[in-house]
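**Student:** Below: one structure in structure tokens.
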Amino acid sequence: MKRPNRTPNSLKPLQAIQHAKQFDKGNELRDALYVAYWEEGKDIGQLPILQEIVEAQGIEWEPLAEALAESKYLDTVLSEYQQGMDFGFDGIPAFIIGDVKFTGAQPMEVFRQLADRAQGMLDADPEAFSGRRVL
């Protein structure tokens, strides 16, 4: 991990993800932002860096820049943040794998172990996680 020297303000990147969802690129942008921050140590809260990442995903910057200036997606982001808080999360990234909730970057082995555990639970009971909503 190469975190930048300062923790970026993630409101604009999170709004950018909402914008990207219109073009079925929300997951791709989220993943690119994750790599940029956690693996490359980029301050994704800085607009020139955000623009570079957004455009690399094939998303036009100008419409997004206008949406950010108008805070078009801010209510959605804040609503999702509140939902996360209601689930007991206090930071991002936040994960629910099976019956385990956690925040923060974790080694890949943690994800593998939890995924294996969740698969075992599903094998034992295919309805183990029915009724759960993913944000």
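Quick note: the coordinates plus some simple rules give every number you see, no bench work behind them. If you're wondering where the values come from, they're calculated on a predicted model, not measured in any experiment. Backbone-built Cβ (ideal geometry, glycine too); neighbour counts: all protein chains shown.
**Student:** Give the Cα extents of the chain along the principal axes, in whole Å, largest first.
**Tutor:** Projected onto its principal axes, the Cα set of the chain covers 50, 30, 27 Å.
**Student:** Using the alpha-carbon atoms, what tilt in degrees (0 to 90, nearest 10) does helix 74-86 show relative to the longest principal axis of the chain?
**Tutor:** 30 degrees
**Student:** Still on this structure: Note the angle between two axes, namely the Cα long axis of helix 47-56 and the longest principal axis of the Cα atoms of the chain, as a number of degrees from 0 to 90, rounded to the nearest 10.
**Tutor:** Approximately 70 degrees, to the nearest 10.
**Student:** Still on this model: Quick check: the angle from helix 108-124's long axis to the longest principal axis of the chain, C-alpha only, nearest 10 degrees?
**Tutor:** It is inclined by approximately 50 degrees.
**Student:** Something else: Counting other Cβ atoms within 10 Å, which trypsin sites (Lys or Arg not before Pro) in region 3-60 have at most 12 and lie in a DSSP loop?
**Tutor:** When the trypsin sites (Lys or Arg not before Pro) of region 3-60 are filtered for loop state and at most 12 Cβ neighbours within 10 Å, Arg6 remain.
**Student:** Follow-up. In the neighborhood of Ser71, defined by Cβ-to-Cβ distances under 15 Å, what is the net charge if each Lys or Arg adds +1 and each Asp or Glu adds -1?
**Tutor:** That sum, taken over residues with Cβ under 15 Å, equals -2.
**Student:** Find out how many positive minus negative residues lie around Ala32, taking Lys and Arg as positive, Asp and Glu as negative, among other residues whose Cβ is under 13 Å from that of Ala32.
**Tutor:** Once all neighbours under 13 Å are counted, the net charge is -3.
**Student:** Now a separate question. If r is the Cβ-Cβ distance from Asp123 to Gln83 and R0 is 30 Å, what FRET efficiency results, to the nearest 0.05?
**Tutor:** 0.55
**Student:** Stokes-Einstein diffusion coefficient for region 88-135 at 10 °C in a medium of 1.306 mPa s, Rh from the Kirkwood formula over Cα pairs: what value in µm²/s?
**Tutor:** Estimated diffusion coefficient is 137 µm²/s.
**Student:** Now for a separate question. With labels modelled as points extended 7 Å from the Cα through the Cβ direction, what inter-label distance (nm, one decimal) is found for Thr7 paired with Trp61?
**Tutor:** Once both label points are built, they end up 2.8 nm from each other.
**Student:** Full-extension gain between Glu39 and Phe102, please, as 0.36 nm times their residue separation minus the C-alpha to C-alpha distance.
**Tutor:** 20.7 nm
**Student:** Now, a different point. List the extent of the Cα atoms of region 11-85 along each of their three principal axes, largest first, rounded to whole Å.
**Tutor:** Sorted largest first, the three principal extents are 29, 27, 22 Å.
**Student:** Now for a separate question. Could you tell me which GluC sites (Glu not before Pro) in region 52-87 are loop residues by DSSP with no more than 14 other beta carbons within 10 angstrom of their beta carbon?
**Tutor:** Glu60, Glu70
**Student:** Something else now. For region 5-55, take every pair of Cα atoms, bin their distances at 5 Å starting from 0, and report each bin as a whole percent.
**Tutor:** The calculated distribution, bin by bin, is 5, 23, 36, 24, 8, 2, 0.
**Student:** Given Cβ point charges of +1 (Lys, Arg) and -1 (Asp, Glu) and nothing else, what value in debye, to the nearest 20, does the dipole of region 88-135 about its Cα centre take?
**Tutor:** 180 debye
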